[in-house]
Amino acid sequence: QQQVKQSPQSLIVQKGGISIINCAYENTAFDYFPWYQQFPGKGPALLIAIRPDVSEKKEGRFTISFNKSAKQFSLHIMDSQPGDSATYFCAGVSGSRLTFGEGTQLTVNP
Amino acid sequence: ETGVTQSPTHLIKTRGQQVTLRCSSQSGHNTVSWYQQALGQGPQFIFQYYREEENGRGNFPPRFSGLQFPNYSSELNVNALELDDSALYLCASSPGGTGFNEQYFGPGTRLTVT
């Protein structure tokens, strides 16, 4: 059962551009929505997370926008850098269990 | 502070065999979760252990089993391996308790079943 749908599957942006990744969820029991970044050969690492009672959260170049009524949330990476090239996963949390999206492979060209 | 470690890094097994994967949690963490990540997919929750007891299980058959030890390290056991079990197996530890607790992932064990 796919409870978190993520798009696009892959994304290519130029250095300095804005990267946008979208997710939609079905499970209304989710009570936290984190984004993870994964580099090849590494496990996922938490990037930023948001509670469903907040519409936006910003940490540095990374912003989560959350729309509870539409059951959608997105990650914006401002001033994208080549070092941001990685796979990004959105997730929903219910009872400390993470349900991940399918992932977005981001490539930032110099 | 030592992060989450997993062993072995890579493993090749034959269909029908059994495998044990190991995970050492981060210092101070009493909760360990296991995930299966197929190539090109997001990690899927297998189960979680909290203070040596199973605390939730995903949609995986009983041939996937686990243990957590008093020092909070953990093992994942898979019996009767199938080709579809080929994946990266991730272990994540967290401090437990209520609310959202960040899960810290290890680098994973790459299992190949032939």
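The values are calculated or read from the model by the stated rules, or taken from the named source; none is laboratory data. This is a predicted model, so every value here is computed, not measured. Note that we place each Cβ from the backbone using ideal geometry, even for glycine, and neighbour counts take in every protein chain shown.
Where residues in segment B:5-50 are within 13 Å of chain A (Cβ to nearest Cβ) and surrounded by fewer than 16 Cβ atoms within 10 Å (Cβ to Cβ), which of them is farthest from the chain's Cα centre (by Cα)?
The extreme case among them is B:G40.
Anything in segment A:29-44 that is more than 9 Å from chain B (Cβ to nearest Cβ) and more than 18 Å from A:S96 (Cα to Cα)? List them, or say none.
A:Q37, A:F39, A:P40
Just to verify a result, which residue in segment B:58-68, among those that are under 19 Å from B:G108 (Cα atoms) and modelled with pLDDT of 95 or more, is farthest from the chain's Cα centre (by Cα)?
My answer is B:F60.
Would you confirm whether or not segment B:48-64 contains a residue that is at positive phi and in a strand (DSSP E or B)?
yes
For the structure I just gave you, tell me whether A:L98 is at pLDDT below 95, within 21 Å of B:L88 (Cβ to Cβ) and surrounded by 13 or more Cβ atoms within 10 Å (Cβ to Cβ).
Against the criterion (at pLDDT below 95, within 21 Å of B:L88 (Cβ to Cβ) and surrounded by 13 or more Cβ atoms within 10 Å (Cβ to Cβ)), A:L98 qualifies.
If you check B:F60, B:F47, B:F69, which single one turns out to be without any contact (Cβ under 8 Å) to a residue 24 or more places away in the chain and under 27 Å from A:F39 (Cβ atoms)?
Sole residue among the options that is without any contact (Cβ under 8 Å) to a residue 24 or more places away in the chain and under 27 Å from A:F39 (Cβ atoms): B:F47.
Test B:F105 against the stated conditions and say whether it is within 14 Å of another protein chain (Cβ to nearest Cβ), without any contact (Cβ under 8 Å) to a residue 24 or more places away in the chain, closer than 26 Å to A:D31 by Cα and crowded, with 17+ Cβ neighbours inside 10 Å. Don't jump to the end; show me each part of the working.
Working: within 14 Å of another protein chain (Cβ to nearest Cβ): yes; without any contact (Cβ under 8 Å) to a residue 24 or more places away in the chain: no; closer than 26 Å to A:D31 by Cα: yes; crowded, with 17+ Cβ neighbours inside 10 Å: yes.
No; evaluated as a whole, the condition is false for this residue.
Would you kindly identify the strands (runs of 3 or more DSSP E) lying entirely within segment B:70-114 that contain at least 2 residues that are under 27 Å from B:R51 (Cβ atoms) and at pLDDT below 95?
B:87-94
Quick check on A:F62: is it away from chain B (no Cβ under 13 Å) and more than 14 Å from A:G92 (Cβ to Cβ)?
Yes; evaluated as a whole, the condition is true for this residue.
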